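Only the coordinates and a few stated rules stand behind these numbers; no lab work does. Small disclaimer: the values here were computed from a predicted structure and weren't measured. Here the Cβ positions follow ideal geometry from the backbone for every residue, glycine too, while neighbour counts run over all protein chains shown.
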Amino acid sequence: MTRVSDEQTGLVLKDVYRVFPGDVTAVSDVNLHVQNGEYIVFLGPSGCGKTTTLRLIGGHDDPSSGTITIDGEMMNGVSPAERPITTVFQHYALFPHKSVLQNVAFGLKMQGVDKAEREAQAKAAIDLVGLTKMMDRKPRELSGGQQQRVALARVLVTRPKAILLDEPLGDLDRLLQMKMRVELRALQRELGITFIHVTHNQEEALSMADRIVVMGDAVIQQVGTPEELARHPRNEFVAKFMGDNNVFHGTISGTNGGNVVIDTPHGTVEVPGTGTAGQPGSMAIRASAVKVSTDATPAVNGVTVRLDFAEYLGDSVKLHLDLDGQPFMAKVHEERYTEIRAFEGRDVTASWAAEDGHLLEQ
Amino acid sequence: MSNEDAKHTALEEAKRAVEEAEALTGGSAVAVHATTGPRRSPLVTLAWVAPGTIWLLLFLIAPLVMIVLVSLWQKTPVGFDPFVFTTEGYTKLFQTPVYLDTLKDTIIRALLVTALCILIGYPIAYFLARGVSSIRYQIALFVFVLAPFWVAYVVRIVAWLPVLGRQGVINYFLVEVIGVRAEPIDALLYSNFAIILALVQLYVLFMVTPIFFQLATLDNAAIEAARDLGATPAKVFREVVLPLSLPGVLIGCIFVFVLVMGEFATVRLIGGGTIQSVGTLVYDYYKLPDLPTAAAGATILVAVMTIGVAVLLRFSKIREVV
């Protein structure tokens, strides 16, 4: 492996493209620096390029251009086996004819570690994921959650610098998913290894990641902490994909203090930022920042909406509102459920503070 | 988390469901459980099962029973007497060294042909399933491999005569073209070598087909995972591909072994009457006519094949691999 840089530790993707035959661009202009020990989640709808990016990192596919380095070592052209990274495949890809112990010991066997040594290490990895009692079973004799732990143990035993997980929770039922989120995260903290996790589930990404990489249309739309993404989506794609955001489009009419004034078909909105009058402008407001009342509709940052349906979520109430025929979302505290429900089918006022909104990139 | 917990909860839930159902029906919940599937009249079920059952009874069970019965009847100059039971047919066979030797030869030949079919068939199936990336070419090549099946069985056998015969292609080449032999080799035809060659050609497809399908449906992710964990191509094959393709190999072995054990026409035509198989021997008794002895020979053959298949299944634990 060629040493290209002594400065950058961790995983670095630089100007990475992957174009499939027939000019299908799966991954475009990806630049990303993952620190060692980070928990990174690639999030995006299916077909957004997240799995292709993971395959490029894992060495199961080659970039059309651009470079991938790990701790300064060039990875382009290096086989998956020789990379200090291993993949936990979607649906786990366990060896059905091998026992749990043989599955876990496989990587060490391939490295030529002698039998006693590799079994000892495999047993330690199996112990780490809590499957010591199941060691002699075949994968098909295990539940989905247990198979997943075997898949994890199988990659952990080779002591990789990073682990790639392709939709690791996709095959599990919801309750088990919740449990495995916590377990995976705890395991990653304990081991201090970089985890790169691919999912299309926003909630999963928000609950697990140190940083989330939102991908859409083959490019990185935004990289940020869960909080940054939830509070400050950069563009409309991220705002919509992260859910619970209301987006307004319009034309910038001027500025007012530190705010941009945007004229939209639904009224005038003000949002922190700068802009040039006459240019198109878009802003997003989170559902939970929207106040719902029966007060008079304010002239700015307020709309009259019809309450179609109040959805009780336990800790909050999600309000499905109708804004001139378009869906609009608000979230209020669950204590207000009875009060709000009485307004179903009637007009209410939705308003928000200017500083809670944010200007989206065009 | 522990799976036991999950199981425990599931069990409790099931118990609770049963209790609730009992409360609702005011009685046994077992009846409720028994009717969870679609309701179907027993007559309808019978109608579904009948064709297959009748087919099996008529064409498999009935002939087998008949053969066993005939083998136990008394031979008469023109046929058999169904009112006198005797084991004469079996005694005759076991006292004739030719029959036992032929049985031994037939088993050895069947094993040898099966082994050769694996050696030749596996690489073909492997190439078709894993070496050809386009599904269209894969299917086209597979149909091409099946081409010999388009030709009648006897034609495929007879086609060997002008190749292996005294004045056949090979002898002509050896004697006339390169002149390494002064006289043609007779052993090319009417020999065990020729029979085995023809049998392998006839039956190798029964080996290729199941292996091909097994390999074609192999989980690519398992192979990718093996590579990811550092397996070289040779190790991927030995550790993952080969073990996962064994069920296909086993099914191929059963096909080829059973078919070659019962072989008759190939041995007669290519063996030229000098080489016997249990099949040709049974035919000879049948022509005498000595039907009870012929039936006894066939019964023993069926028994040996059944044992062979049972041994194959027993040692391979076919269901455990997939």
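At a glance:
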| item | result |
| --- | --- |
| Residues A:L43, B:L146, sorted so that the one with the fewest Cβ neighbours within 10 Å comes first | B:L146, A:L43 |
| Helix axis angle, B:3-25 relative to chain B longest principal axis, alpha carbon, degrees | 70 |
| Model label zone, A:T25; criterion: amide N under 20 Å from point 7 Å along Cα-to-beta-carbon; scope the range A:220-259 | A:220-223, A:235-238 |
| Positive dipole terminus of the protein assembly as shown, leading residue within A:G72, A:H320, A:A205 (C-beta point charges) | A:G72 |
| Order of A:E167, A:E82 - criterion: other Cβ atoms within 10 Å of each residue's Cβ, fewest first | A:E82, A:E167 |
| Point-charge dipole on Cβ atoms (K/R +1, D/E -1) for the protein assembly as shown, about Cα centre, debye to 20 | 2780 |
| Charge dipole (debye, nearest 20) of the range A:244-360; +1 at Cβ of Lys and Arg, -1 at Cβ of Asp and Glu | 100 |
| Qualifying trypsin sites (Lys or Arg not before Pro) in the range A:122-212, DSSP loop, other Cβ atoms within 10 Å at most 14 | none |
| Trypsin sites (Lys or Arg not before Pro), loop per DSSP, at most 16 other Cβ atoms within 10 Å - longest free stretch of chain B | B:182-316 |
| Relative contact order %, chain B, counting alpha carbon pairs below 8 Å whose residues are six or more apart | 23 |
| Among B:V49, A:V27, A:L307 the positive-end extreme of the charge dipole of the protein assembly as shown (Cβ point charges) | B:V49 |
| Rel. contact order, % - alpha carbon contacts under 8 angstrom, at least six apart, the range A:209-362 | 23 |
| On Cα atoms only, tilt of B:135-145 relative to the major axis of chain B in degrees | 40 |
| Contact order relative to length of chain A, as percent, for alpha carbon pairs under 8 angstrom and 6 or more apart | 15 |
| About the Cα centre, charge dipole magnitude for chain A (Lys/Arg +1, Asp/Glu -1 at Cβ), debye | 1460 |
| Mean-position separation - Cα centroids, the range B:131-166 and the range A:103-127, in angstrom | 46 |
